[in-house]
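For reference, the structure is listed below as structure tokens.
Throughout, read-outs are computed from the coordinates displayed, never taken from laboratory work. All values reported here derive from a predicted model rather than from experimental measurement. Cβ coordinates were reconstructed from backbone atoms using ideal geometry, including for glycine residues, and neighbour counts include every protein chain displayed.
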Amino acid sequence: MILLTPELRERLLANGRDQDADHVPVVRFFNPVAAGTWLATELDEDRDTLFGLADLGFGCPELGRFSLSELQSARLAFGLGIERDVLFMGEFPISAYAEAARAARSIPGGERVLHAGACRQPRAALRQKTGEEEG
């Protein structure tokens, strides 16, 4: 699988030029046969060094830099490699993903927490607007 399309590469490079922002992740990579999830927000000009949130399955997701070429060269069971989640659309800043992932001890767990909270917020706002009681 091609891990970065030209469009994704350009978005990551643009974010890399503005390193002071709390970017929304552009791409999500995962290990299809074991733990391992990466959310990338930026790509350095070397076109190999990504910045984002990495979770290797040890219960301590961390923000940092990781290598695209290392992800591409990983050889997993059954002849598989690291894959890109083609349906992923980042919805929150990377700091929110990091906070939720650390609390849940994994990126997937943190994503569930974030999405559950996002689903509750609109309903709560609607109830407040209409004066409906929670229950």
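Computed values, structure above
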read-out: 3J(HN,Hα) from dihedral phi, the stretch 57-70, Karplus parametrisation 6.51/-1.76/1.60, rounded to Hz, x for glycine, proline; value: x, 9, x, 9, x, 9, 6, x, 9, 8, 9, 4, 5, 5
read-out: Rough spin-label spacing in nm, given labels placed 7 Å along Cα→Cβ, for residue 89 and residue 17; value: 2.6 nm
read-out: Separation between Cα centres of the stretch 101-117 and the stretch 1-78, rounded to whole Å; value: 18 Å
read-out: Most positive-pole-ward Cα, 74, 8, 56, against dipole of the stretch 1-93 from beta carbon charges; value: 74
read-out: Charged-residue dipole, Cβ positions (Lys, Arg, Asp, Glu), the stretch 6-130 about Cα centre, Debye nearest 20; value: 780 debye
read-out: Rounded tilt (10° steps) of 6-17 against the dominant C-alpha axis of the chain; value: 80 degrees
read-out: Backbone HN-Hα couplings from phi across the stretch 25-41 [Karplus 6.51/-1.76/1.60, Hz, Gly and Pro as x]; value: x, 8, 9, 10, 10, 8, 8, x, 10, 7, 5, x, 9, 9, 10, 10, 10
read-out: Nonlocal amide H pairs with residue 82, under 5 Å, H built at 1.01 Å; value: 74
read-out: Charge dipole (debye, nearest 20) of the stretch 1-67; +1 at Cβ of Lys and Arg, -1 at Cβ of Asp and Glu; value: 260 debye
read-out: Principal-axis tilt of helix 107-130 within the chain, Cα atoms, nearest 10 degrees; value: 30 degrees
read-out: The stretch 6-130 - convex hull of the alpha-carbon atoms, volume per residue in Å³; value: 124 Å³
